[in-house]
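In what follows, a structure is listed as C-alpha cells, so that the remarks can point back to it.
The values are calculated or read from the model by the stated rules, or taken from the named source; none is laboratory data. Note that the coordinates shown come from a computational prediction; the quantities given were computed from them, not determined experimentally. Note that we place each Cβ from the backbone using ideal geometry, even for glycine, and neighbour counts take in every protein chain shown.
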Amino acid sequence: MHSDPESAPGALAPRSATQLAESRLTLTGGAGLFDHSDRDAIKPSAGHLAGILGVIVTVGIAVGLVSMNPSFASGKAGGTATQMGAPVAAGGAGLEPGTPAAEGAQIIATKPCVGCHTIPGIPGATGQVGPNLAGVASRTKIAGGAVDNTGPDDLKKWILNPAALKPGTLMPNVGLTDDEATKIVAFLETLK
C-alpha cells in the first residue's frame, strides 16, 4: 500500500485545534494569516491611549485660549458699542402708515440689507454679516467706528455710497435712489 509522505511543518502545514489554542494565535484576514500584533513595535492599546490623550490636550488648549481671550472676560465677545445696539422690543412698531419712516420700512425689507443685518421690526431681517441695526440712530459712530453719525445726513451718505466713506468696506452700494435712501433713513432714525 502506498501512503502519502508526512508533510513538513510550515505555514501551510495542517494544525489541530488544540495546537492553535495552545499557541494563542488568532486567525485574522483570511486563510493562513495569523495575528502578529504581539510582535508589533507599537501596541494597539498605545494608539488608543495616544488618541485619548490628544483629545484631552486639545480640549485643554481650547479652554485655555478661551479663558485668556480678553473679549470673553470683558463681555464684549459679541461686538462693540459701535456694532451692537441696545435691544429694541419691536423696532419700527407704531409707524404711522404713509409716513416716510413707514415707507422706508417697506423699502428696506425689499433690499439686500436684510441678508446682512438684523433689523428690528423688519420680518426676515436676521442677517449676521453686518452689525445689528437696533439702536443705530443713537450711535455716534457707524461702520465699525470709522464714520461719524451726527444725524440723518450722515446715515444717508453712508447707505448711498459706503466705499466713499470707508474704503475697503464690505458693505456694498446697493443702488438706492435718493428718495429710497431718504425714506430708509427716516425708518432707521426710529431705531433709537
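Odds and ends about this structure:
- Residue count for the stretch 72-99, restricted to those that are within 20 Å of Gly135 (Cβ to Cβ), surrounded by fewer than 18 Cβ atoms within 10 Å (Cβ to Cβ) and modelled with pLDDT of 60 or more: 3.
- Subset of the stretch 172-192 (residues that are part of a helix (DSSP H, G or I) and touching a Leu at 6+ places or on another chain (Cβ under 8 Å)): Asp178, Ala181, Ile184, Val185, Phe187, Leu188
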